[in-house]
Structure formats: C-alpha cells, structure tokens
C-alpha cells in the first residue's frame, strides 16, 4: 500500500510539475527599435468563470510592474507604465484605439496590451493545481497602428497548490519580456 501511495504521489507531482513547463507562443512581425519607449497599458486582472474575483484584485498591477522590471532589465527599452484611471484600468477592456492615443500622448512609439484570463489558487492538500492564464497580448506600433508582437494563443502556467499563484505572474512577465526583446 505504501508503494502505491508513493507511486501516486510521485505521479501527481510529475504531472503538476511538467504541466507548468511550457513556453510562450508568439509572433513578431517586425523588429522593435531597441532604444524606444513602450507604454504599458493596465493588464486586465485575473477572472474566475469570466468574472472578477476578489482574490484576483491587483493581479494586473502586479503583472504591469513585473513586465516593466523585466523589459527594462533585458533591453534598452524605456518602459512607461500607464497609471489606471476610471475608464482605463485593470477591470475594463481597453481598446486598441485608446492604447494608441495614450501612447501618442506620452510620446511612446509602442503600446503593450496584456489581458490576464482565468486563474485558480487551490486550497493546500486538495491535489488541485494552481494555474494562471495570459489570455491575450500584443504590442502595437503607434506610427503604423500595426501589431508587431502578438501572443498566438493563451499562455497557461501551473504549479502545485503549495504557496500562492502570484509567483506565476512574474514567470509570465519573464516569458513576455524575453519574447518581445528577442
């Protein structure tokens, strides 16, 4: 019986660990000038069942700060954070036109828009994994109004349910920054 339990435990750990190992799939249609300014719009907070969840409040802000930190450390980009307001914030969908207009106002050459999707922060010892989703993302060239970097499909990261799901937000930021700055 102990062998069976140990075998099941190892299998569950391996599945949870390996399911969290994925890489971001994105398309880059143009080179991005290395000495340029990128306006980082407020990413939409995580949702559960497509609706806002109290545990997810602040997740978009955390991603925004983490992306800024990662892009600034991996490149010569000057990443400017758009401070949310009543209309353009972490809970409303932001249009491409709004992102472009705000980038023009701030003097940025590009505008980066990210949307977080579903998440789960499972209770410990329930044998359910924690996961987070980057639902969509793109970088718009303000001059041409064309997307120069696009997330091809939702990017899902998962881990065991020990600890918080918030560490996965920093992992998303690392992947996005690496993908854009390649």
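Any read-out appearing in this document is the output of simple, stated calculations on the displayed coordinates, not a laboratory observation. Note that the structure is predicted; figures quoted are calculated from it, not measured. Ideal geometry is used to build each Cβ from the backbone, glycine not excepted, and the neighbour counts take in all protein chains shown.
Quick notes on this one:
- Fraction of antiparallel bridges per DSSP, the chain only, in percent to nearest 5: 70
- Helical mean residue ellipticity (222 nm; -39500 (n - 2.57) per DSSP H run of 4+; nearest 500) of the chain: -11000 deg cm²/dmol
- Relative contact order for the chain: 30 percent, from Cα pairs under 8 Å spaced at least 6 residues apart, divided by residue count.
- Ordering of 82-94, 138-150, 169-181, 35-47 by packing is 35-47, 169-181, 138-150, 82-94, highest average first (other Cβ atoms within 10 Å, averaged per residue).
- The C-alpha atoms of segment 2-181 occupy a region whose extents along the principal axes are 64, 33, 24 Å, arranged from largest to smallest.
- C-alpha center-to-center spacing [segment 94-115, segment 28-45] in angstrom: 9
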